[in-house]
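Asker: Input: one structure, supplied below.
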Amino acid sequence: MTTVQDLSDAGRRMYRGAFFLFVLAEAMIFVTLFSTRFLLAGMGHPAEVNGSLGLAVTLLLVASLAPLFAGINRIRAGRRGAGMLGVAALLGALALALIVYDWATLAIPVGSRYGENYVMSTGYHALHILLGLTGLLIVAGADSRREFNAANHWQVGAAAVFWSFVVLTWIALFAVFFIF
Amino acid sequence: MSEHSGMIGEAAGPGWLGHAAPMLRAALWGAIGFLAADWAVAAALGSRLGAEWPVVTGFFAGSTGWVLGGGALEACVRPWFGPAPAWDEGIGAGRFLRFHSDHKIIGIQYLVSATVTFLLAGLAAMLMRLELMTPKLDVFADAQQYNEAFGVHGSLMLFAVSVVAIVGGFGNYFVPVMVGADDMTYPRLNGLSWWFLVPGVLAILLSPLVGGFQTGWTGYAPLAAQDAVGQDLYYLGIFALGLSSLFTAINVIATTLYMRAPGLSMGRLPMFVWAMLVTSVLNLIWVPVIGTGMIFALADRILGTHFFDAQGLPLLWQDLFWLFGHPEVYIIMLPAWGLWLEIIPVFSRKRLFGYGWAVAGMLGVMFLSSYVWTHHMFTTVADSRLVPFMTTTELISIPTGFMYIAALGTLWKGRIRLRTPMLYVLMSVFNFLIGGFTGVFLSDVPADFQLHNTYFVVAHFHYTIIGGMVFAWLAGLYYWFPKYTGRLYSEGWGKLAAWLVFLGFNCSFLGMFVAGFDGMNRRVAEYMPYLGGINAWISVWSFVLGLAFGIAILNLLISAATGKRAGDNPWGGKTLEWQTSSPPPHGNFARPPVVTGDFYSYGPERGVTTP
């Protein structure tokens, strides 16, 4: 990541396209998780589900998209975006902390049909938040060392695509576990 | 070796210890990681060292130590924090014993590990056949040990040999060369992929040390939930092998889509590359599904959930398993078809017949293969699922037929040279016909009710996997041998081994069809005495088969050391890998190749490719 060479347009297209393959594979994990939830637990959710906490996580993650896009736009314009990426990571970290808090105070029995799916899906998603945060922090660090420029920043794009995927997946998760 | 350039300071080579240092470090870190985590968790929980949590955390820590110790720490992790990547990729033999980003080195790493795993899992099969020589239990101490043996045999052969040998070995080595690229899209991710393979193989291979697993390679619940700790290693091992396949799939698709040489349109792509592309799409989509299934099942055992056990839905495991498990059959077979259609034109000196139809057939198999999984579960699912999946399964034989039409149409009136690779391909075409036809029997619900869980099924899938894929893999090993070693193999020994493999294989596995019809159940260590004759016949021929595989591989090993120089293009092939030196240099081509015609215009001179 430190040796960013000048990429051709074709090179940029390649890295961007190839990264979507990775995201597609990740998406299949959540397809499996969500379909298992409906297969095993049917429709409906228990009253103990902490809906306001789920909503707070959703809002934090959606809000993190704004500094994310601001950061990548700044890098695209040849300026530093590390600060903005850091803000996005901070919002993501708050969301992760809320999920940990939720697990610590969980009222749904883990052994129940709904409960085991809830824990499995939120746990898997928390792992993806952690991965996404790692990616954001690595590119923010690299950007603060001035390793990217207007032409070469596909790593920032990759971290942003992955983070957007994490946010979109949470929105789906919120619907699957808190609304249905 | 010849890569001594002036840039390398040492006049003398690094010596064997220097060559092997990174792999020794990886093994040391892996062992320390496993033992430390195992001991720490066991002490914290007050449990045995071989209990579930200590072994599971030990596996994670050990694998991490192994991957980082091999060089991933310096090559992949260190650059995240600022410093430039600092990893010496070694010279000579040392390149194969460390983290390396050259796709050709990785391909050889995959080929060697797949061969070693093949021989080890084959040894388990030999033990099983020795047990089945007589109706009574006499080799293993009890039936559970026999179960562990076929579990290890099946899991390794399916997840670490047949989906890895061609895809990881030839796919890594030849896809970039055949599309005229200098390397894969993500070379370091590619380097990582092999390092995940080894912990996966070791987990399954060593699972008998903590009680093994009784479920066989399919890991069916609810038996799996009650099994010994070895079952956890089955889940973890297959998860690690899945990661390895996934990384390769991402690279193969990206390389094929984005790194083709000028002039190489998709419509000119060599058949092997098409096969690898289609296979990788299947891997990309379905490996995450079974990986998640493995995590569900692991949670059932260590976290107290009830996804698949008797309180949950055991059938859901079967669905998740076969959602990958059936596409996997085509992940195994599509690369083999690619090899058929690559090798047959070269040794028939004739244009590939029906290129477009063969590609359409591969795509058709790719789409249909995701809609047939329930045919493994005809005896367990609701009646409403029987006819739809019988129909899709029988439909898939149509695109498969396109591959046969292309192969036979190319052979027709060709000038056939019966060299060892061609011999293996023709044998594979013959064997797979039997495997495929018996598959149509089994897709038929009434026949399947009768034959399910008998040796008929065992014979059928060994005909597709050994008869189809392993024969094609051997064909590829011999076909590309001059390219990846630079030497010629011994033709006489090669042909002798080919005929012995063919004889041993067909005599033993045709016998299994008979045993199956006669009522021989699969996965049993003891059987009714009236089946003794046919089982003794199968066992004797399977020992011949094991010996023949040994000769075939030994011939390659000896020839790699002592064979004559092969030159760049001993077969007169037109695909790009034959237009560069043997073995290709780092970066593959002296000048970037430009493709000006299609690759299969043998016979009358038409389009040509210029390097």
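Asker: Please give the contour-minus-distance gain from residue B:418 to residue B:367: 0.36 nm per residue of separation, less the Cα-Cα distance, rounded to one decimal in nm.
Answerer: Details: separation 51, 0.36 × 51 = 18.36 nm, distance 3.45 nm.
Residue separation times 0.36 nm, minus the Cα-Cα distance, leaves 14.9 nm.
Asker: Which FRET efficiency value, to the nearest 0.05, is calculated for residue A:73 and residue A:35 with the Förster distance at 45 angstrom and r the Cβ-Cβ distance? Show your work: numbers first, answer last.
Answerer: Numbers: r = 36 Å, r/R0 = 0.81.
For R0 = 45 Å, the calculated efficiency reads 0.80.
Asker: Right, next: For region A:37-54, in order, what is each residue's ³J(HN,Hα) by Karplus, 6.51 cos²θ - 1.76 cosθ + 1.60 with θ = phi - 60°, in whole Hz (x at glycine and Pro)?
Answerer: After applying 6.51 cos²θ - 1.76 cosθ + 1.60, I find 4, 6, 5, 8, 9, x, 7, x, 9, x, 5, 6, 4, 7, x, 5, 5, x Hz.
Asker: Note down the relative contact order for chain B as a percent, whole number, built from C-alpha pairs under 8 angstrom at least six residues apart.
Answerer: Details: 1051 pairs, mean separation 83.0, N = 611.
Contact order relative to length: 14 percent.
Asker: Taking Cα pairs under 8 Å and at least six residues apart, what relative contact order does chain A come out at, in percent? Write out the running numbers ahead of the final one.
Answerer: Details: 185 pairs, mean separation 65.0, N = 180.
So the answer I get is 36 percent.
Asker: Residues of region A:3-47 with backbone nitrogen within less than 12 Å of a virtual label 7 Å along the Cα-to-Cβ line of residue A:180, please, listed as ranges.
Answerer: Only A:31-45 fall inside the zone, counting backbone N under 12 Å.
Asker: Check the straight Cα-Cα distances from residue B:574 and name the lysines below 23 Å, setting aside those fewer than 8 residues away within the same chain.
Answerer: By straight Cα distance, residue B:574 reaches B:104, B:350, B:413, B:483, B:564.
Asker: Enumerate the amide H contacts of residue B:598 below 5 Å, restricted to partners 5 or more residues apart or on another chain; note that Pro and chain-start residues carry no placed amide H.
Answerer: Hits under the 5 Å cutoff: B:607.
Asker: Long-range amide H contacts for residue B:487: which residues qualify at under 5 Å (H placed 1.01 Å from N, peptide plane, sequence gap of 5 or more or a different chain)?
Answerer: B:566
Asker: Also: Which of these, A:101, A:124, A:114, has the largest mean-square fluctuation under a Gaussian network model of chain A (Cα springs below 10 Å)?
Answerer: A:101
Asker: Assuming R0 = 25 Å, can you tell me the calculated FRET efficiency for the pair residue B:32 and residue B:554, based on Cβ-Cβ distance, to the nearest 0.05?
Answerer: Numbers: r = 36 Å, r/R0 = 1.43.
Between residue B:32 and residue B:554 the formula returns 0.10.
Asker: In addition: Taking amide H positions as placed 1.01 Å from N in the peptide plane, with prolines and chain starts having none, which residues 5 or more places from residue B:454, or on another chain, fall under 5 Å of its amide H?
Answerer: Under 5 Å from the amide H of residue B:454 lie the amide H atoms of B:522, each far enough along the sequence or on another chain.
Asker: Another question about this same structure. Using only Cα atoms, locate the centre of region B:532-566 and the centre of region A:134-152, then give the distance between them in Å, rounded to an integer.
Answerer: Answer, in whole Å: 54.
Asker: Given R₀ = 22 Å, what would the calculated FRET efficiency be for residue B:391 paired with residue B:433, taking r from the Cβ atoms and rounding to 0.05? If you can, show how the numbers build up before the last one.
Answerer: Values: r = 22 Å, r/R0 = 1.00.
Efficiency computed from Cβ-Cβ geometry: 0.50.
Asker: For chain B, count all C-alpha to C-alpha pairs, find those more than 40 Å apart, and express that count as a whole percent of the total.
Answerer: Numbers: 48165 of 186355 pairs.
Value for chain B (Cα pairs over 40 Å): 26 percent.
Asker: What are the ³J(HN,Hα) values, in whole Hz, obtained from phi via the Karplus relation 6.51 cos²θ - 1.76 cosθ + 1.60 with θ = phi - 60°, for each residue of region B:466-483 in sequence order, with x given for Gly and Pro?
Answerer: Coupling constants for region B:466-483: 6, x, x, 7, 5, 4, 5, 4, 4, 4, x, 4, 7, 5, 8, 3, x, 6 Hz.
Asker: Still on this structure, please answer the following. Students often get this wrong: which residues of region B:541-570 have the backbone nitrogen under 14 Å from the point 7 angstrom along Cα-to-C-beta of residue B:510?
Answerer: In region B:541-570, the label zone of residue B:510 (backbone N under 14 Å from the point 7 Å along Cα→Cβ) covers B:541-542.
Asker: Taking the alpha-carbon centroid of each part, what is the distance from region B:208-260 to region B:450-519 in angstrom?
Answerer: The distance from the Cα centre of region B:208-260 to that of region B:450-519 comes to 24 Å.
Asker: Cβ under 13 Å from residue B:568's Cβ, residue B:568 left aside: what net charge do those residues give with Lys, Arg +1 and Asp, Glu -1?
Answerer: Details: positive: B:483, B:487, B:565, B:574; negative: B:577.
Residues close to residue B:568 contribute a combined charge of +3.
Asker: I would also like to ask the following. Evaluate the distance, in nm, between pseudo-label points positioned 7 Å from the Cα of residue B:496 and of residue B:561 along their respective Cα→Cβ axes.
Answerer: If labels sit at residue B:496 and residue B:561, their model points lie 1.8 nm apart.
Asker: With a cut-off of 8 Å between alpha carbons and a minimum separation of six or more residues, what is the relative contact order of region B:279-415 in percent? Walk me through the numbers on the way to the answer.
Answerer: Values: 144 pairs, mean separation 39.4, N = 137.
After rounding, I find 29 percent.
Asker: Using each residue's phi in region B:201-208, evaluate 6.51 cos²θ - 1.76 cosθ + 1.60 at θ = phi - 60° and report the 3J(HN,Hα) Karplus result to the nearest Hz, with x for Gly and Pro.
Answerer: For region B:201-208, the Karplus curve yields 5, 5, 4, 6, 5, 8, 4, x Hz.
Asker: Any idea how far apart residue A:101 and residue B:88 come out in nm if each label point goes 7 Å out from Cα toward Cβ?
Answerer: 5.2
The numbers here are math on the coordinates, done by the rules we state, and not lab data. These numbers were taken from a predicted model, which means no experiment stands behind them. In this analysis, Cβ positions are derived from the backbone assuming ideal geometry, glycine residues included, and neighbour counts consider all displayed protein chains.
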